[in-house]
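Read the structure below first, then the notes.
The values are calculated or read from the model by the stated rules, or taken from the named source; none is laboratory data. Because the structure is a prediction, the values reported are computed rather than measured. Note that each Cβ is placed from the backbone with ideal geometry, even for glycine, and that neighbours are counted across all protein chains shown.
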Amino acid sequence: MFDFLEGYDLLGAFWVTVQLTFWSALGSLLWGTLLAAMRVGPVPLMRGFASAYVGIVRNIPLTVIIVFTSLGLFQTLGISLGADRFTTINFRLAVLGLTAYTSAFVCEALRSGINTVPLGQVEAARALGLSFPQTLRLIVLPQAFRSVVGPLANVLIALTKNTTVAAAIGVAEAALLMREMIENEAQLILISAIFAFGFLCLTLPTGLLLGRLARKAAVKR
Amino acid sequence: MPVPEGPAPEGGDALVVLSRVDKHFGSLHVLRAVDLTVHRGEVVVVIGPSGSGKSTLCRAINRLETIDGGEIRFDGRPLPAEGRELARLRADVGMVFQSFDLFAHKTVLDNVTLGQIKVRGKDRKSAGARARELLGRVGVAAQADKYPAQLSGGQQQRVAIARALAMDPKVMLFDEPTSALDPEMINEVLEVMRHLARDGMTMVVVTHEMGFARSAAHQVVFMADGRIVEQAAPEDFFGNPRSDRARDFLSKILHH
């Protein structure tokens, strides 16, 4: 029944999906945190930049962003992100696009977490003589992160599924292989089911694990 | 009449000087031309009805509230407006809040070492030793490895006092330190504060605890409607208040 699978590197394709997810998650966590810091910071220029960034990027379809990285950044501006093989270039462009997009959502999740930290925590930190960046890094963000593990898990699950958009610029991840297999084999439903199952295997444990972490990390007041 | 303990501060040099300080919250005039001088080693207790501006006054001294007019000088220099200078000032001014505000995600010990390490640049070991010494002094040494939420209100407030003391402040500000406490815990906090006063710490205390004002204050400042209405030694103020406003206030809180 499953002989049509022969000749296709299913695991390899999902491995690329995992890598895309991992690097984009890491990137958007960093960039999203920085954006959130800018949004709550005292510098008007940074606040304006971060809120404009989130407002714009969050409202552009991911496909447009991913296609732009390839057509705009690479083919027009010649930005290849330090790679010379096409597969590597496309992979890195996809990570860049996914990071740019997802960090807007990370920023918003984190900002709602920052809003749960009582003002008194900030005043106590400032009263000790901690600077604004220290207050953010040592007091506010650690508590904010703990309260948004759940929402961040949602963002991570969405990101895992969004990596399929990278197929649009030819990154050999799961969705690209699925399209190829559907074209070549007469097993439309079965193939779709296999790939759906593959994504469930990635996202369900993520959700369960982070759900447990969310309960453990919650700050008791 | 209980006599204030500790050295009389008369003639000591001025540490905190407020001159003609004004502050508005929108249309509300919360501080009206307030003049106040706190000398080194002096304990000033600020009392008055709710909304009289006493908390704002206290918070203005380390610039948690900005002021609209007048000047505040600390240790001979005007309060810096912002940045590194302001952070340095705040490190020298200990503050204890009504709602304790211990860092909820850090252990009691980490609460007391944080400022020493990150602001004073001490190493972890000596900061820890100093923290344990202070926690012992306020009677919560056994709770060092717990989280704030596991402690009673009185214990939390004593940790907050230790956290402020760990910075070796020149003055301690107390903003209604016992107002959020259950009655049976108020005394354990006041006792710690009495000890501090006896050891010569300069203190500005906003409180409703008249017993503390009588026994520990060198000066009582009575505020109403954003003004300092009366300022006197506690035995004079409680024994013979000069203003109607103070007499009215005292009659309401002392006879019930």
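For segment A:156-177, the criterion of being surrounded by fewer than 17 Cβ atoms within 10 Å (Cβ to Cβ) and without any contact (Cβ under 8 Å) to a residue 40 or more places away in the chain is met by no residue. Of the strands (runs of 3 or more DSSP E) contained entirely in segment B:30-119, those carrying at least 2 residues that are facing chain A (nearest Cβ under 8 Å) fall at B:93-96. Quick check: is even one residue across segment A:40-54 closer than 28 Å to B:Asp101 by Cβ, in contact (Cβ under 8 Å) with a residue 60 or more places away in the chain and of a type in the set (Gly, Ala, Ser)? The answer is yes, given that some residue of segment A:40-54 is closer than 28 Å to B:Asp101 by Cβ, in contact (Cβ under 8 Å) with a residue 60 or more places away in the chain and of a type in the set (Gly, Ala, Ser).
Evaluated against (1) modelled with pLDDT of 95 or more; (2) over 17 Å from A:Ser28 (Cβ atoms), A:Tyr53 falls short on exactly one condition, (2).
Within the bounds of segment A:72-88, is there any residue that is over 30 Å from B:Asp110 (Cα atoms), acidic (Asp, Glu) and away from every other protein chain (no Cβ under 14 Å)?
First pass over segment A:72-88, keeping only residues over 30 Å from B:Asp110 (Cα atoms): A:72-88.
Now drop any that are not acidic (Asp, Glu), which leaves A:84.
Narrowing the set further to residues that are away from every other protein chain (no Cβ under 14 Å) leaves A:84.
Checked segment A:72-88: at least one residue is over 30 Å from B:Asp110 (Cα atoms), acidic (Asp, Glu) and away from every other protein chain (no Cβ under 14 Å).
Any residue in segment A:38-47 that is away from every other protein chain (no Cβ under 14 Å), of a type in the set (A, V, I, L, M, F, W, C) and either touching a Cys at 6+ places or on another chain (Cβ under 6 Å) or buried (at least 22 other Cβ atoms within 10 Å of the Cβ) (or both)? Among the residues of segment A:38-47, not one is away from every other protein chain (no Cβ under 14 Å), of a type in the set (A, V, I, L, M, F, W, C) and either touching a Cys at 6+ places or on another chain (Cβ under 6 Å) or buried (at least 22 other Cβ atoms within 10 Å of the Cβ) (or both), which makes the answer no. B:Pro177 falls short on exactly one of the conditions (1) more than 12 Å from every other protein chain (Cβ to nearest Cβ); (2) in contact with a strand residue (DSSP E or B) (Cβ under 6 Å, 6 or more places away or on another chain); (3) in a helix (DSSP H, G or I), and that condition is (3). Give segment A:192-221 a look and list any residue that's touching a helix residue (DSSP H, G or I) at 6+ places or on another chain (Cβ under 7 Å), in contact (Cβ under 8 Å) with a residue 24 or more places away in the chain and more than 14 Å from every other protein chain (Cβ to nearest Cβ), or say none. Within segment A:192-221, A:Gly198, A:Phe199, A:Leu202, A:Thr203, A:Thr206, A:Gly207, A:Leu210, A:Gly211, A:Leu213, A:Ala214 meet the criteria. Counting only helices (runs of 4 or more DSSP H) that sit wholly inside segment B:195-255, those with at least 1 residues that are farther than 26 Å from B:Gly94 by Cβ and not hydroxyl-bearing (Ser, Thr, Tyr) are B:234-239, B:244-254. Would it be correct to say that A:Trp31 is assigned to a helix (DSSP H, G or I), within 16 Å of the chain's Cα centre (by Cα) and within 21 Å of A:Leu93 (Cα to Cα)? Yes, satisfied. Assessment of segment B:206-224 against the conditions (more than 14 Å from chain A (Cβ to nearest Cβ), crowded, with 17+ Cβ neighbours inside 10 Å, within 30 Å of B:Asp110 (Cβ to Cβ) and at pLDDT 95 or above) yields at least one matching residue.
Restricting segment B:124-152 to residues that are surrounded by 18 or more Cβ atoms within 10 Å (Cβ to Cβ) and within 19 Å of the chain's Cα centre (by Cα) leaves a set whose member that is nearest to the other protein chains (Cβ to nearest Cβ) is B:Leu134.
Would you check if there is a residue in segment B:153-167 being surrounded by fewer than 18 Cβ atoms within 10 Å (Cβ to Cβ) and part of a loop (DSSP other than H, G, I, E, B)? No, because not a single residue in segment B:153-167 is surrounded by fewer than 18 Cβ atoms within 10 Å (Cβ to Cβ) and part of a loop (DSSP other than H, G, I, E, B). Of all the criteria given as (1) under 25 Å from A:Arg92 (Cα atoms); (2) surrounded by 17 or more Cβ atoms within 10 Å (Cβ to Cβ), the one not satisfied by A:Ile191 is (1). Note on segment B:203-237: residues that are over 21 Å from B:Gly53 (Cβ atoms) and either more than 17 Å from the chain's Cα centre (by Cα) or of a type in the set (Val, Ile, Thr) (or both) amount to 3.
Checking the structure you have, find out if any residue of segment A:156-179 is more than 30 Å from A:Gln75 (Cα to Cα) and part of a helix (DSSP H, G or I). Yes, that holds for at least one residue.
For segment B:81-123, the set of residues classified as free of Cβ contacts under 8 Å to residues at least 60 places away in the same chain and over 17 Å from B:Met167 (Cβ atoms) consists of B:Ala81, B:Glu82, B:Gly83, B:Ala104, B:His105, B:Thr107, listed by residue number.
Pairs are defined by a Cβ separation below 9 Å, a sequence spacing of at least 6 or placement on different chains, a first member in segment A:138-151 that is closer than 24 Å to A:Leu208 by Cβ and at the interface with chain B (Cβ under 10 Å from one of its Cβ atoms), and a second member that is outside any helix (DSSP H, G or I) and of a type in the set (D, E, K, R); the pairs so defined are A:Pro142/B:Lys106. Contact annotation: residue pairs with Cβ atoms under 8 Å, 6 or more positions apart or on different chains, pairing a residue in segment B:22-49 that is within 21 Å of B:Arg63 (Cβ to Cβ) with a partner that is among the charged types (D, E, K, R) and surrounded by 22 or more Cβ atoms within 10 Å (Cβ to Cβ), are B:His29/B:Lys23; B:Val30/B:Lys23; B:Leu31/B:Lys23; B:Val46/B:Lys54. Scanning segment A:93-132 for residues that are part of a helix (DSSP H, G or I), within 14 Å of chain B (Cβ to nearest Cβ) and either of a type in the set (Asp, Glu) or touching a residue at least 40 places away in the same chain (Cβ under 8 Å) (or both) returns A:Ile114, A:Glu123, A:Phe132.
Within segment A:180-191, restricting attention to residues that are part of a helix (DSSP H, G or I) and among the aliphatic types (A, V, I, L, M), the residue that is farthest from the other protein chains (Cβ to nearest Cβ) is A:Leu188.
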